[in-house]
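Enquirer: Got a structure for you, written out below as C-alpha cells; questions coming shortly.
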Amino acid sequence: MGILGHFQKWLVEHSVPDWASYVVPALTGIIIALLFLFLMIIVFIYLERRGLGRFQIRPGPNRAGPWGVLQAFADFIKIVTKEDIVPYAADKPVHFLAPVVSFFSAIMILAVIPIQKDAYITNLNIGILYVSAISSLGAIAIFMAGYGSNNKYSLIAAMRGVAQLISYEVPVLLAIAGVLLISGSLGMVDIVESQNVPFILLQPLGFLIFFIGVGAELNRSPSDLMEAESELVTGYHIEYSGMKFALFYLGEYGHMVVASAVMTTIYLSGWKGPILPPAMWFLVKMVLVCLVFVWIRATFPRIRVDQLMSLAWKFLLPLALLNLFATALEVMWQDKIGWEQFPWPFVFLNLGLAIVFILVGSKLLFKTGGGQVEV
Amino acid sequence: MKFEHYGLGLAKGLVVTLKHALRRPMTTQYPEEKLVVSRRFRGYELVWYEDKCTGCATCAKSCPQGNIEIVTVQQGDLYKVQKFELDTGRCMACGLCVEACPYQALYMGMGYERARYRRREVVLTKEDLKPSPERQPSGYAYPEVAEKLPEQTLLVYRK
Amino acid sequence: MVLKSEPMLISMGPHHPSTHGVFRMRLVLDGEVIVDVEPMVGYLHRGIEKLAETRTYTQVIPLTDRLDYLGSMTNNWAYVIAVEKLASIKVPERAEYLRVIIGELMRISSHLMATGFLGNELGCTFTPLLYMFREREKIMDFFEMVCGQRLTYNYMRIGGMSQDIPEEFLPAVKKFVAEMPHYIDEYEQLLSENEILLARTKGVGILPRNLAISSSVTGPVLRASGVQWDLRKSDPYSIYDRFEFDIPTGTVSDVYDRYLVRIQEMRQSIRILEQAIKQLPAGEARSKVPLLLRPPVGEAYAHIESPKGELGFYLVSDGSIAPYRCRIRAPSFTNITALKDMLVGWKIADAVVIFGSIDIVLGEVDR
C-alpha cells in the first residue's frame, strides 16, 4: 500500500472531504521527494569534489563551512547572481524550456523508486518500463538546448550528444531485460523482493553493461564529450548563463542520483541488509555507487566520439544479447535445478560465462573506429 | 578500439588510483602552515648595511635592468650615500648585484609575500632596505650567514 | 541532389586551455576532419636576442632563463658553453659533474611535465598530472636548496657554477634517485596499458622517418621516429662520454611512441645520475673569470641536448663586454614546422593530443 496510502486512509477516517484526501497526501509526497532529491544532490556534489580530491592526493574544497560542506551553496549563490543572457535570434520558448525538461525528467523518475518496503510515492506495476521511458526524455532536452541556441557549434555538439544517448539506451534496456527474466515482474518493489541473492552476483555481465551504459547516458567521464574543455567549444549549454545553467548542472547531478537509485534497486537488492534500518542501507548503497562513478572519473581518459559509437553498437549490444540468451536458458531450466532455493551454482556459472564472453568479444568483435582520412 | 589486454589495463589503473586515495594529501594549508624556505633563498627585496656601503655603485652597474638608483654626495674625503632606491616591481631576483658587491654590504632578503596595493609602495627607499627583525638577510652567496638559518623543509623526506 | 558543403575555418586561438601557452592555429575543417593547418606564432615575443646585445656576458644569463622556462638550467648551460668556447676558458672537474647532475634533474622535471599534460589533454581529469607534480616538487626543492629560486635559476656562470652545493644536497638527491624508479613504475601502471589511452594514441599522428629528418626535427620526436640521434652520444659535450646510458628509440612514430620514449628517457637519466653522484670529485666550483669578460674577436656555436631537442647558441663577439650578436636555435620552433604533416586527416580531438605530444614551450618559439 505504501505510506501515502495509509495517510490517505487516515484522512478519510477523520472525515476530510474527498478531494482533500487525495490532494494532501500527493502534495506531501511530492515535497518530501523533492527534499530528498535536493539533499542527495548536495551529498553527491560534496562526495564528488572531495572524492576527486582524495584520489588526486589533495584535500578538495575545505574552506567554505566546516570540512567544505557549504561549497555547493557558495557555487549556487554565485551562479544565481549572474545575468541571464538570451541570444537575440534564439527560439525563445525552446531555449527557455530546455533546462526545465532536463531537470523534470530526473524528478519524474523519483515517483517509483522505493526506499523502504512501504516508502514510495506509487507502486506502478510497470515500474521499470516507466523509468526507461522517462530517461529518454533527457535526449530531447539536449536537442532542445542545442537547437534553441541558434549557434552552429552547440547544434553540432547537441547532435553528437543525442547520438550518444540514443545508442547507449539499447544495451541498457537489454541488460534490464535479463534482470526482468529472473524476477518475473516489472514493478520495482517486486524486483527488490525477489532478490535473495543480489542480482549483481547473478548477472555480472549485465551489471557491467548497465554500468557502462548508464555512465555514458549521464555524460560522465570517460564519455563526457559534452563537457570536454580540450575540444573547441563547450557543448550544448554554451549559450546558457545564470539560473538556467544551474538547472542544467542540477539536472546532471539529479540524473546521477536517480540512476544510482535505480541501480541500487535493480542490482544491489534495494533496502535489504542485516543490522541497520532498511532506509539506511538504501542510502549507503547509493553512496557506494556514486563513489565508484567518481573513482572511474578520476582514472580514465576520454574516448573519442567514433570510438564511443563503435563501443556501443559493436561491443555492448552483442554482449547484451548473449547475456539475455544465457539468462533465458537458465530460467527455463530453473524448475529442474531449483533456482530460488539455491542460486549459488548459477552465480559461478554466470561469472564464468561473463569472463568467457568478454574474452571472446574483445578478440573478435571490436575494430578501431576511424583513423586517418585521406585528404 | 581494441581490448588488447581484455580490460586488465583499465583495472590496473583503477588499483593505482585507489592506492593513492588512501595516502595522506600532500597539500600544505597555507596560510596556516608554511614551509621553511631554503637558506639561500632569493626573495624579492634586498637588505642593505649602510655602515659598510661606500657608494661605489658596482651593484647598480651589474643589474641587467638598472633597478638600483644610487645618488652620493661628497663629504670631505668620503662619499655619503644620499639616495639608495630599489624598484622591486621590476626586479627579477637574479642576485647578480649581491654577488658583485665588493664590501659585503648587500644581501638578498627572505620575503616573498610582498604584494602591495599601489605601484609606488613597491619602490623601496633607503630606510626600507635596512635590516630589521622582520627583514633578515638570506645566505645567498654568503655561506657564513646561511649556516645560521633554519633548515629547509624537503618534500623528499616527508612521508 | 548533391549537398554543397564548404570547409569551415576555425581559429584555435591564443586563449585556449590546451595549447601550451599563447599559440594560435588556424584549422580548415571538413566536417570534423582537419584539412589544413596554419600555425601562427609571435604572441610571446620579447626580443631576447636584441636585449642580449646590450647586456654584458654575465647579465645575459638571467635572460636565457626565460627561454624555455620549464627547463631553465639547460638554457643556461648551452649559453655558458658557447661563451667558454669563445673565450677558451677551462672549467674545473667538479663544476662539470655538478652541471651534469643538475642537467639530468632538469630533464626529469621537464619530461614529467610533458607527460602529465599529455594525460590532461587526453581527458583524465588532472590525475596523472598531480601525481607527476608531486615528484617535480621534490626536484624543485633541490634547486631551491642550491640556488634559491624555483623557476628561473641563474645558477650557472661562465667558468662553472655560481656557488658550491650545500652538504644536505647529496643525501637528498640519493634518496630521490633511489625511490624514483618505483614512482615511474606507478605512472606506467596507470597509463601505459590503459586501453582507452592506447585507442586514442596508437597510430595517431605519425611522422615518417625521412620526413622527420628532412624537417630537422630534434629531440624525443625524432627519436620516436626511429632515428638514433642524441647529441649526448653523437657529439658529446661536457663529460657525457664518461657515462653509460642507452638512447630509447621508437618504431612506429606515433603519439604512444613519443610518450614511451619520454618515460624511458627518465629512467636513463636516473642511471646517469647514479653514476655522476658516485664519481663526484672534490675541488672548486668555479674558475677565475674577470667581472667584465672581453673575449677575443670571433664566433662560436654550441649545442646541447635539451629535453625538447637540440638547443644551440651562436655568439659573435667583437672584443667588447657585450656580445655583438646572439642567435638562439630553439628546438620547439623547428619542431612546429612538422605540425601540418602530422595533423592533416585527423579529427579535432586528435589535434590537441598530437600537438601536446610534440611538447613545445612558447617561450622558446617566440623568444
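Here, each number is a calculation from the coordinates, and none is a lab measurement. Fair warning: this is a prediction, and the values are worked out from it, not measured in the lab. Positions of Cβ are generated from backbone atoms using ideal geometry, with glycine treated the same way; all protein chains shown enter the neighbour counts.
Enquirer: Mind jotting down the distance between the C-alpha centroids of the range C:102-117 and the range B:1-62, whole Å?
Expert: Each part's Cα centre sits 14 Å from the other's.
Enquirer: Provide a whole-number value for the mean count of partner chain Cβ atoms within 10 Å of the Cβ atoms in peptide A:300-313.
Expert: Average neighbour count from other chains, rounded to a whole number: 6.
Enquirer: Please get the size of the charge dipole for the range C:47-366, origin at its Cα centre, with Cβ charges of +1 on Lys and Arg and -1 on Asp and Glu, quoted in debye to the nearest 20.
Expert: With only Lys, Arg, Asp and Glu charged at Cβ, the dipole is about 660 debye.
Enquirer: What is the mean number of Cβ atoms from other protein chains located within 10 Å of the Cβ atom of each residue in peptide B:21-31, rounded to a whole number?
Expert: That average works out to 4.
Enquirer: I'd like the orientation of helix B:8-21 relative to chain B: the angle between its Cα long axis and the longest Cα principal axis, in ° from 0 to 90, rounded to 10.
Expert: 50
Enquirer: Can you compute the helix-only [θ] at 222 nm over chain C? Use -39500 (n - 2.57) per DSSP H run of at least 4 residues, normalise by all residues, nearest 500 deg cm²/dmol.
Expert: Rounded to the nearest 500, it is -14500 deg cm²/dmol.
Enquirer: Which ordering of C:M25, B:M108 is given by a fewest-first count of other beta-carbon atoms within 10 Å?
Expert: C:M25, B:M108
Enquirer: Could you please tell me the mean projected area of the C-alpha convex hull for the range B:46-148, averaged over all directions and given in square nanometres to one decimal?
Expert: 6.9
Enquirer: Please list, by residue number, every one of the chymotrypsin sites (Phe, Trp or Tyr not before Pro) in the range C:271-367 that is coil in DSSP and has at most 14 other beta-carbon atoms within 10 Å.
Expert: C:Y324
Enquirer: Which entries of B:K19/C:K138; C:K233/C:K278; C:K174/C:K288 have Cα-Cα distances beyond 24 Å here?
Expert: Check vs 24 Å cut-off fails for C:K174/C:K288.
Enquirer: Within 10 Å of each Cβ in peptide C:186-193, how many partner chain Cβ atoms are there on average? Round it to a whole number, please.
Expert: Averaged over the peptide's residues, the number is 5.
Enquirer: Right, next: Taking 35 Å as R0, compute the FRET efficiency from the Cβ-Cβ separation of B:E121 and B:L35 and round it to 0.05.
Expert: Efficiency for this residue pair is about 0.85.
Enquirer: Jot down the radius of gyration and Dmax of chain A, Cα atoms only, both in angstrom.
Expert: Looking at chain A, its Cα Rg and Dmax stand at 22.2, 79 Å.
Enquirer: Pull up the cross-link candidates among the lysines for B:K126, meaning alpha carbon to alpha carbon under 25 Å and not fewer than 8 places away within one chain.
Expert: B:K52, B:K61, B:K80, B:K83
Enquirer: Alpha carbon centre of the range A:140-155 versus the range A:100-139: separation in Å?
Expert: Using only Cα atoms, the two centres lie 26 Å from each other.
Enquirer: DSSP loop (so not H, G, I, E, B), at most 13 other Cβ within 10 Å: list which trypsin sites (Lys or Arg not before Pro) in the range C:243-338 pass both filters.
Expert: Those satisfying the criteria are C:K288.
Enquirer: Right, here's the next one. Set Lys and Arg Cβ to +1 and Asp and Glu Cβ to -1, take the dipole of the range C:47-366 about its Cα centre, and tell me which of C:L51, C:P128, C:L311 lies farthest positive.
Expert: C:L51
Enquirer: Relative contact order for chain B: what is it in percent, counting Cα pairs under 8 Å that are at least 6 residues apart?
Expert: 30
Enquirer: Which of the GluC sites (Glu not before Pro) across the range B:76-139 are loop residues per DSSP, with 12 or fewer other Cβ within 10 Å?
Expert: Listed in order of number, the matching sites are B:E113, B:E127, B:E134.
Enquirer: Can you tell me the dipole magnitude for chain A around its Cα centre, using point charges on the Cβ only (Lys, Arg +1; Asp, Glu -1), in Debye to the nearest 20?
Expert: Using only the charged Cβ atoms, the result is roughly 860 debye.
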